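Only one structure is covered here, and it is reproduced in the block below.
The values are calculated or read from the model by the stated rules, or taken from the named source; none is laboratory data. Quick caveat: nothing in here was measured; it's all calculated off a predicted structure. Note: ideal-geometry Cβ built from the backbone for every residue, glycine included; neighbour counts use all protein chains shown. Surface areas here come from the heavy atoms of the whole protein model, side chains and all, with no ligands, DNA or RNA. Shrake-Rupley method; radii C 1.70, N 1.55, O 1.52, S 1.80 Å.
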Amino acid sequence: MNKIITTFLLLTTLLSCSYKPILGDKKYDFQISNINFEGENKLNNIIKQNLKNNAFGNKKYDLFFITNKKKEVVTSNDKGEPLNFRINVNLEYQIFYNNKKILKSTIVKQEVYDNKSDKFELSQDEENILLNLSEELSNDLLMAIVLLNNDS
C-alpha cells in the first residue's frame, strides 16, 4: 500500500510541473522593422529568424549587427593532435530608433568541445554548438531591446 501511495504522489508531482521557456512564448511590445547584418550567414539567418519571431508591437527598432566565428585548438596531445576545440562567436550590434543610434554593444559567446575521430560527428557537434550559440545571441539581443524599451 505504501508503494502505491508513493508512486501516486511521485507521478502527480512530476506530471503537474509545467516547463515554459522564458523567451519562447513571450511576445514583446516592440518590433524590429529592419535587420541588416554582415559576417557569418548561417549564424545571421538564425539570429534574424529568432528576432522576427518574438517581436510584435508598435515601437519599431532597426538593428545592424556583425558576427565573427573563430575556431581554435584548446588542448592537444603529445603528437600535436587536437583534443579540444573552442568556438568563439562575436556579435557586434547597433540598435537604432527613429534613425538615431541608441545602443552599440558587443556580445561574445564561446563553447569548448572534444575532438572526435569521426569527422562527420565532429561537424554535427559544431553545427549544434553554432545553433545553440546563435540562439543565445538572439536572446541576449532581445533582452537588450527589452531593457531599452522599458527605459523609454
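Can you pull the percent of region 66-111's accessible area that's carbon plus sulfur, 1.4 Å probe, other chains left in place? Before the final figure, lay out the partial values.
On the way: 1300 of 3070 Å².
Using a 1.4 Å probe with all protein chains present, region 66-111 comes out at 42 percent carbon and sulfur.
If R0 is 41 Å, what FRET efficiency do you get for K60 and T6 from their C-beta distance, rounded to 0.05?
Details: r = 55 Å, r/R0 = 1.35.
Computed FRET efficiency for K60 and T6: 0.15.
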Distance in nm between V108 and K42 label points, each 7 Å along Cα→Cβ, equals 2.3 nm
When only DSSP loop residues count, what trypsin sites (Lys or Arg not before Pro) in region 49-93 have their Cβ near at most 15 other Cβ atoms within 10 Å?
-> K79
Accessible area in square angstrom per residue, region 82-152, 1.4 angstrom probe | 58 Å²
Taking the simple approach of a point 7 Å from Cα along Cα-to-Cβ for both M143 and Q94, what is their distance in nm?
-> 2.5 nm
